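Asks: The structure under discussion is supplied below as structure tokens; questions concerning it will follow.
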Amino acid sequence: MSISTRLYSVNIAIKNRRSILYKLPGLVLLSAICLSVSAAQLYRYKNEQGVLVLTQTLPAEYASKGYEILNEKGRLIKVVPPALSPEKIAERDAAIEKERLANIEKQKQDKIDEELKLLYSHPNDAVRVLERRLLDFKGLIEVKHAKIKGLQTQITDEEATAAARERRGLSVTEESLNKIANLQKEILRNKTDIDELNQDITRLLVEFDEKIKRLEVITEQVATDYPALLEGLKTAPTPTQENASDAETKP
């Protein structure tokens, strides 16, 4: 090979190397751009026409309407729901508050249930306690009725004494009138006490009715003694009947 031919080959090789070196930065930049595009996340949303759109950027006007985020392989990685309206926010907050209050009530009920199970192993235990409490109230009422009858007897005696004085032409003494008035006031106080005791009985029945029915639920056992107790209360004399003998004497 001649010298001129060798020089020509060397020049061609040098030019080729320079061309490759000149193109290399562009190739690197192009590769970086392609890699950036392929690694970027994608956004999928519906436009104003209701058509699904897939883009690399999310227009601001669609951010509040809900969208999906996909990775470079098109796999769904996150769903962003639409922003709530003021009405929906109010509904959500109301539901959260309702659930919170329900949890508080449940905690209270759980505590009550635990206390009930500590006090009564069976609903009939509560029935027996109720029966004893009712007997206590009945005893107190009977004492009040006995007092009223005694006071009525005293009034009758005092009125008889006053009538006897009037038949003899004498006036009834102030002391006798005051005594009768005080006895009538005492009768009224005892009647008021009886009314309050009957109200206490009503509250007691309501309280234990709730306890017994709840015990049946949490113990899964039946209060077999309860119906008989309730039936006995129906056939017992009413406060009106018991007070009938006291109605003759009024202040």
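Asks: Take the stretch 204-238 and flag every residue that is loosely packed, with under 15 Cβ neighbours inside 10 Å and either closer than 20 Å to E142 by Cβ or not assigned by TED's automatic domain parsing to the domain that holds G139 (or both).
Replies: Correct list: G232, L233, K234, T235, A236, P237, T238.
Asks: Follow-up question, since we're still on this one. In this structure, does S85 turn out to be surrounded by fewer than 11 Cβ atoms within 10 Å (Cβ to Cβ) and either without any contact (Cβ under 8 Å) to a residue 60 or more places away in the chain or under 18 Å from I212 (Cβ atoms) (or both)?
Replies: Yes; evaluated as a whole, the condition is true for this residue.
Asks: In addition: Going residue by residue through the stretch 174-192, is there one that turns out to be within 24 Å of A236 (Cβ to Cβ) and of a type in the set (D, E)?
Replies: No, the stretch 174-192 contains no residue that is within 24 Å of A236 (Cβ to Cβ) and of a type in the set (D, E).
The values are calculated or read from the model by the stated rules, or taken from the named source; none is laboratory data. What you are looking at is a predicted structure, and each value in this text was computed from that prediction instead of being measured. Note: ideal-geometry Cβ built from the backbone for every residue, glycine included; neighbour counts use all protein chains shown.
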